[in-house]
Structures are given as structure tokens and as C-alpha cells.
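Participant: Submitted below is the structure of interest, expressed as C-alpha cells.
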Amino acid sequence: MTVAPDRIAWLQGSAFRCDPEPEAPERVYRLALLGPPGVGKGTQAELLCQHLGTCHLSTGDVFRAAFTGACTLSPALAAAQDTMRRGELVPDDVVILLVRERSRCLRCRGGFLLDGFPRTVVQARALDAILAEQGIALDGVISYHLPLDAIVARLGGRRICPQCKAVYHVTSHPPRQEGICDHCGTALVRREDDCPEAIRVRMQAYEADTCPLIDYYQAAGKLISIPASGTPEEILLRTLAALGVPEVQRSGTGRA
Ligand code: AP5
């Protein structure tokens, strides 16, 4: 099995080089994931990247990495920390600058899977412009959907690794040793924005600011709508089929 790139160029900025550098897959995918908080975007991103060879570019992970001291905090990023704790969206100009500073990752030879960006129509237009400057385009935008009660159950049991960013769930995807990351042995934590009040604010932000992107990408002919019910492996198979990944490449979709 190939070693996943450490995503350091994305998490810490363009002065860093990923180790190992992603290999060029047979087919390069450039995709974005849409969906409400807790629908399972990060979980699917991890599985999809293993299958497609793409790099997982999550804006939420960049912010969380910055707050744990992995890179120097600009005043705008420091302000973003409080915004995220409340469950509100970080201002468009801060997020767009952060992505623009990492635009080399969009030219990654392994392709990319954007997770959590774009989240507003302003951000989607900015992404269109950045990609056009790079001479590339999105292949598709995968939109996951799930009833609210299932989302709340997923968020309530989530635990994350503050070191390698792996995502677990206390019942549906527990680590081998309780409270400890399978990959790097770090103690797992709850995300600060997984408290009931912040979840409510995040859902409202999704409805008001991110839902319009469904129409935006539908109109652009890029939208791929996928039900997010069932196990992560079932959702992965659904997604690979919708992307037209040949059946032979969809085998071995269980978690490592
Ligand atoms: P971000 O980190 O992007 O969070 P989010 O969109 O709220 O999404 P989550 O990470 O909460 O959920 P997910 O869909 O990835 O679900 P997961 O796979 O973890 O953003 C956080 C904050 O950063 C934002 O609120 C905002 O403040 C700021 N921000 C980031 N980007 C921004 C932008 N572009 N503009 C402005 N602000 C921005 O799964 C959830 C749980 O369910 C896990 O425990 C998992 O194990 C479990 N699970 C997953 N799949 C299944 C399944 N099939 N069955 C059972 N359990 C499952």
C-alpha cells in the first residue's frame, strides 16, 4: 500500500513540500465535497483519496492545524479561531487568501479533493478564478445529503486526532485502543465546535450560505448528488460508481 502524503504543503503553507510527494495516478481527479457539517465529508475524503490518489485539501484542517501551533498565526487567522468556536463561517477574504496562498496544491500531480471549500458563492467564484489562472478545472462537485437526526448522532460521537487529523466515532468507527489514534498513537479529542450550540450555528450557516452552491454547481453541470446513509464503505462505493471509476478499481474498499 502506498504511503499517504503528509499534506504538509497544504496544512502549513507553500514553503513546505509534502513527504512523500504524491504520485501521478492513471487518471487525475480534481473534485470538491459539499454537504452539511457531520455528513461525513472528511471520512469520505480519507477513503476517496486512498482510491483515487488525490490529496485531501480541507480548509477546516488548515485552521485547526494553525491553532495547535503548526504555523504562525496571522491576526486574521487568530480571529478565525473564535469564529470557528462559535460555529460561524470564517470571512470569505480570509479563506480565499488561505487557499490562494496554497494554490500550488491545486496543481498537485495527484489531483485534489477540496473539503470545506468553497462554502459560499463568493468563494466558489474565487475558486473558479484561481483554477482558471492555473489552467485547470473541477471535474465534479460531490454533494452528500442525510437527515438531520443522523447528522446529529454522527457529530455527537466524533473524536479526532489533533496530530494526524484522523476522524473516529465512538460507536461506528472506534479506534483499536479506546481514546488513542490508530495511526500515530496520539490521544483523541472532541472538536471544540461539536457542542450543541455551535452545531446549531453551523447548520444555520450551511442552510444560508452553502446550500446555494448546490444550484451554482448544478447550473455548471458539475453537481454529483450522493445519499450519505449507510456505512462509510457503502457511501464510498456509491461515490466511486457515480464518478465512473471502473468496477475493478472499486474492490478493496474496506478500511485499512
Ligand atoms: P470543517 O472542518 O470543514 O467542518 P464541517 O463542514 O462542519 O464538517 P465536519 O468536519 O464537522 O463534518 P464532516 O462532514 O467532515 O464529517 P466527518 O467525516 O468528520 O469546518 C469547520 C469550521 O471551519 C467551519 O464551521 C468554519 O468556521 C471554518 N471553515 C472551514 N472552511 C471554511 C470556509 N470555506 N469558509 C468559511 N469558514 C470555513 O464525520 C462526522 C462523524 O460521523 C465522525 O465521527 C465519523 O466517524 C462519523 N461518520 C462518518 N461517516 C459515517 C457513516 N457513514 N456512518 C456512521 N458514522 C459516520
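The values are calculated or read from the model by the stated rules, or taken from the named source; none is laboratory data. Every value quoted in this text rests on a predicted model; they were computed, and no experiment measured them. Counting neighbours? That spans all protein chains shown, and the Cβs are built from the backbone with ideal geometry, glycine included. Note: areas computed on protein heavy atoms with side chains; ligands, DNA, RNA excluded. Shrake-Rupley method; radii C 1.70, N 1.55, O 1.52, S 1.80 Å.
Participant: Give me the 1.4 Å probe accessible area per residue for the chain, excluding ligands and nucleic acids, in Å². Spell out each step's value before the answer.
Facilitator: On the way: 12270 Å² over 256 residues.
Using a 1.4 Å probe on heavy atoms only, each residue of the chain averages 48 Å².
Participant: Moving on to the next point. Using a Förster radius of 30 Å, what is the FRET efficiency between Arg107 and Ala220 based on their Cβ-Cβ separation? Nearest 0.05, please. Could you put the intermediate results ahead of the total?
Facilitator: Details: r = 21 Å, r/R0 = 0.70.
Efficiency computed from Cβ-Cβ geometry: 0.90.
Participant: Please report, as a whole percent, how much of the solvent-accessible surface of the chain comes from carbon and sulfur atoms (probe radius 1.4 Å).
Facilitator: Details: 6630 of 12270 Å².
So the carbon and sulfur contribution to the accessible surface is 54 percent.
Participant: Return one quarter of the surface area of the convex hull spanned by the alpha-carbon atoms of segment 130-221, equal to its mean projected area, in nm². Spell out each step's value before the answer.
Facilitator: Details: hull surface 33.6 nm².
Result: a mean projected hull area of 8.4 nm².
Participant: What are the principal axis extents of the Cα atoms in segment 11-134, in Å, biggest first?
Facilitator: 42, 31, 28
Participant: Quick check on the chain: take the gyration tensor over C-alpha atoms, sort the square-rooted eigenvalues as a ≥ b ≥ c, and tell me if it's rounded (a/c under 1.5), prolate or oblate.
Facilitator: Numbers: a/c = 1.12, a/b = 1.02, b/c = 1.10.
Cα axes put the chain in the rounded bin.
Participant: For segment 160-188 and segment 86-122, compute the distance between their C-alpha centroids and round to whole Å.
Facilitator: Rounded to whole Å, the Cα centres lie 25 Å apart.
Participant: I've got another one for you. If a/c stays under 1.5 just call it rounded; otherwise compare a/b with b/c (prolate if a/b is bigger, oblate if not). Do that for segment 20-68, with a ≥ b ≥ c from the square roots of the Cα gyration tensor eigenvalues. Could the numbers behind the result be given before it?
Facilitator: Values: a/c = 2.51, a/b = 1.40, b/c = 1.79.
In terms of gyration-tensor shape, oblate.
Participant: So for segment 135-239: antiparallel DSSP bridges make up what percent, rounded to the nearest 5?
Facilitator: Values: 6 of 11 bridges.
Taking every DSSP beta bridge with both residues in segment 135-239, the antiparallel ones total about 55 percent.
Participant: Name the residues of segment 159-201 whose amide N is less than 14 Å from a point 7 angstrom out from the Cα of Phe16 along the C-beta direction?
Facilitator: Answer for segment 159-201: 162-166.
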